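Some notes on the structure that comes next.
Just so you know, all these numbers are worked out from the coordinates, no wet-lab data involved. Just so we're clear, the structure is a prediction, and the values are computed from it rather than from any experiment. Cβ atoms come from the backbone with ideal geometry, glycine included; neighbour counts cover every protein chain shown.
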């Protein structure tokens, strides 16, 4: 779940809130658990995530055009 949260923060302009993830999982995880999982994942990756770039947008746009 936390990996999905990280991915949406990376890819989406307006990522879903933690409350929405709690709703999607039918309250299987608490707010604190999701944030803690996210923290552990980012700590394990040593916060080594790339910056977003226009490449992904242009890739999707080229498929549409």
**Request:** Please determine, by comparing only the residues of segment 40-61 that are touching a helix residue (DSSP H, G or I) at 6+ places or on another chain (Cβ under 8 Å) and free of Cβ contacts under 8 Å to residues at least 40 places away in the same chain, which one is farthest from residue 6 (Cα to Cα).
**Result:** 40
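Quick one: would you say residue 64 is without any contact (Cβ under 8 Å) to a residue 60 or more places away in the chain and over 14 Å from residue 6 (Cβ atoms)?
So residue 64 passes the test.
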